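What follows is a single structure, written as structure tokens, with notes after it.
The values are calculated or read from the model by the stated rules, or taken from the named source; none is laboratory data. Because the structure is predicted, anything quoted here is derived from the model rather than measured. Methodologically, a virtual Cβ is constructed for each residue, glycine included, from the backbone with ideal geometry; neighbour enumeration extends over all protein chains shown.
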Amino acid sequence: MRMSTKGHYGLKAMFFLALHYGPDPIPLKNVAERQGLSENYLEQLIATLRKSGLVKSVRGAQGGYILARDPSEIKVGDIIRVLEGPIAPLECVSEGVPSVCDQFDFCITRTVWEKVRDSIADVLDSISLADMCQDAEKARKE
């Protein structure tokens, strides 16, 4: 399973918003500059994250974006699923999607790919944005 730039850049943007979590919105331009991302591309990603309820937008001269929930309540898996879709190493074992494989009932390798999917999902769902901020703070101190 290979992550696209949508998931990679979206997670970087959400991490930046988590680092600066508070009542004041962060202009998207600041996020793009500090994370080395294209502002135009980031606008598309943020729109998707806003529609999913992970971020809120604030209009006006002092506007920008803020996390819709506390960083401890937003898991990496939430972000990845919104931007990339269901987690799956193969389409036939995609999360929450009924099997489309005509060999579903007797596929020997299916259980292997289900375990891979579940392991990836477990890791992504075990890490919150707050955890990432704590890890960044530890790394900064070292």
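Descriptive notes on the structure:
- Filter result for Lys29 (within 27 Å of Gln134 (Cα to Cα), touching a residue at least 24 places away in the same chain (Cβ under 8 Å) and basic (Lys, Arg)): no
- Residue within segment 74-83 that is exposed (fewer than 14 other Cβ atoms within 10 Å of the Cβ) and assigned to a helix (DSSP H, G or I) present: no
- When segment 50-71 is filtered for residues that are part of a helix (DSSP H, G or I) and surrounded by 14 or more Cβ atoms within 10 Å (Cβ to Cβ), the ones remaining, listed by number, are Arg50, Pro71.
- Matching residues, segment 84-114, being part of a helix (DSSP H, G or I), without any contact (Cβ under 8 Å) to a residue 40 or more places away in the chain and closer than 22 Å to Lys6 by Cβ: Glu91, Val93
- Only one of Gly64, Gly36 that is in contact with a strand residue (DSSP E or B) (Cβ under 6 Å, 6 or more places away or on another chain) and at pLDDT below 95: Gly64
- Residue among Ala130, Ala136 that is surrounded by fewer than 15 Cβ atoms within 10 Å (Cβ to Cβ) and either in contact (Cβ under 8 Å) with a residue 60 or more places away in the chain or touching a Cys at 6+ places or on another chain (Cβ under 7 Å) (or both): Ala136
- Qualifying residue in segment 36-48 (condition: closer than 19 Å to Ala136 by Cβ and loosely packed, with under 15 Cβ neighbours inside 10 Å): yes
- Ser119 falls short on exactly one of the conditions (1) surrounded by 15 or more Cβ atoms within 10 Å (Cβ to Cβ); (2) in a helix (DSSP H, G or I), and that condition is (1).
- So Lys12, is it in a helix (DSSP H, G or I), charged (D, E, K, R) and over 20 Å from Cys133 (Cβ atoms): no
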